[in-house]
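Asks: Below you will find the structure I want to go over with you.
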């Protein structure tokens, strides 16, 4: 395949901090858009102060479903590349929990695809989250 015909799917579940620069979706010469989303741990949820999160998954199952989601988004929106990286383990407020990106010919399909990608990853990829609250309580969501 030539650079203009190439499509890529890059999926990773990691217990290490996410280095965006090393996983950033690259564009082929016919792509004019790269849309990215970075999900960070916030300090509140449902009126409670959050101190951090714990993510866990069965890695092979989560990566397989993330690949299915990536392929669906590529086919549905005509994007050329999809990158999904999700962190597991203990994360603190401000840590990067998820990074996703798409490359596409134009911004419209890139923006539509990135929203669909984030929504589907959160809805379908089996990664479980436990919040740690300032009052000492912990709860699976």
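Asks: Working only within the stretch 20-37, note down all residues that are part of a loop (DSSP other than H, G, I, E, B), modelled with pLDDT of 80 or more and touching a strand residue (DSSP E or B) at 6+ places or on another chain (Cβ under 9 Å). Steps first, please.
Replies: In the first step, residues of the stretch 20-37 are kept if they are part of a loop (DSSP other than H, G, I, E, B); the result is 24-32.
Remaining after also requiring modelled with pLDDT of 80 or more: 30-32.
Matches in the stretch 20-37: 31, 32.
Asks: Continuing with the same structure: Criterion first (crowded, with 17+ Cβ neighbours inside 10 Å, within 14 Å of residue 101 (Cα to Cα) and under 12 Å from the mean Cα position of the chain (by Cα)) does residue 66 satisfy it? Write out each step before concluding.
Replies: Details: crowded, with 17+ Cβ neighbours inside 10 Å: yes; within 14 Å of residue 101 (Cα to Cα): yes; under 12 Å from the mean Cα position of the chain (by Cα): yes.
It is true that residue 66 is crowded, with 17+ Cβ neighbours inside 10 Å, within 14 Å of residue 101 (Cα to Cα) and under 12 Å from the mean Cα position of the chain (by Cα).
Asks: Let me spell it out: the conditions are (1) within 13 Å of the chain's Cα centre (by Cα); (2) surrounded by fewer than 19 Cβ atoms within 10 Å (Cβ to Cβ); (3) at pLDDT 95 or above, and residue 94 meets all of them except one. Which number is the exception?
Replies: (1)
Asks: Could you grab me the full set of residues in the stretch 23-63 that are free of Cβ contacts under 8 Å to residues at least 24 places away in the same chain and either buried (at least 17 other Cβ atoms within 10 Å of the Cβ) or under 17 Å from residue 12 (Cα atoms) (or both)?
Replies: We begin by selecting, within the stretch 23-63, every residue free of Cβ contacts under 8 Å to residues at least 24 places away in the same chain; these are 44, 46-47, 60.
Across the stretch 23-63, the qualifying residue is only 60.
Asks: Oh, and also: Answer yes if at least one residue in the stretch 98-111 is modelled with pLDDT of 95 or more and out of contact with any strand residue (DSSP E or B) (no Cβ under 7 Å at 6 or more places or on another chain), and no otherwise.
Replies: So far as the stretch 98-111 goes, yes, one or more of its residues are modelled with pLDDT of 95 or more and out of contact with any strand residue (DSSP E or B) (no Cβ under 7 Å at 6 or more places or on another chain).
Asks: Right, something else. Only one of 139, 107 is more than 26 Å from residue 52 (Cβ to Cβ) and either more than 17 Å from the chain's Cα centre (by Cα) or without any contact (Cβ under 8 Å) to a residue 12 or more places away in the chain (or both). Can you tell me which? Break it down stepwise before answering.
Replies: Numbers: 139 fails: more than 26 Å from residue 52 (Cβ to Cβ).
From the options 139, 107, the qualifying one is 107.
Asks: Scan the stretch 119-129 for residues that are surrounded by fewer than 16 Cβ atoms within 10 Å (Cβ to Cβ), within 13 Å of the chain's Cα centre (by Cα) and touching a residue at least 40 places away in the same chain (Cβ under 8 Å) and jot them down.
Replies: Across the stretch 119-129, the qualifying residues are 124, 126.
Asks: Turning to a different aspect of this structure: How many residues are surrounded by fewer than 20 Cβ atoms within 10 Å (Cβ to Cβ) and in contact with a strand residue (DSSP E or B) (Cβ under 8 Å, 6 or more places away or on another chain) when one looks only at the stretch 69-87? Even if it seems obvious, please write down each step before you answer.
Replies: Taking the stretch 69-87 and keeping what is surrounded by fewer than 20 Cβ atoms within 10 Å (Cβ to Cβ), we get 71-72, 75-76, 78.
Next, from what is left, pick out any that are in contact with a strand residue (DSSP E or B) (Cβ under 8 Å, 6 or more places away or on another chain): 71, 78.
Number of matching residues: 2.
The values are calculated or read from the model by the stated rules, or taken from the named source; none is laboratory data. Note that the structure is a prediction, hence the values are computed from the model and not measured. Cβ coordinates were reconstructed from backbone atoms using ideal geometry, including for glycine residues, and neighbour counts include every protein chain displayed.
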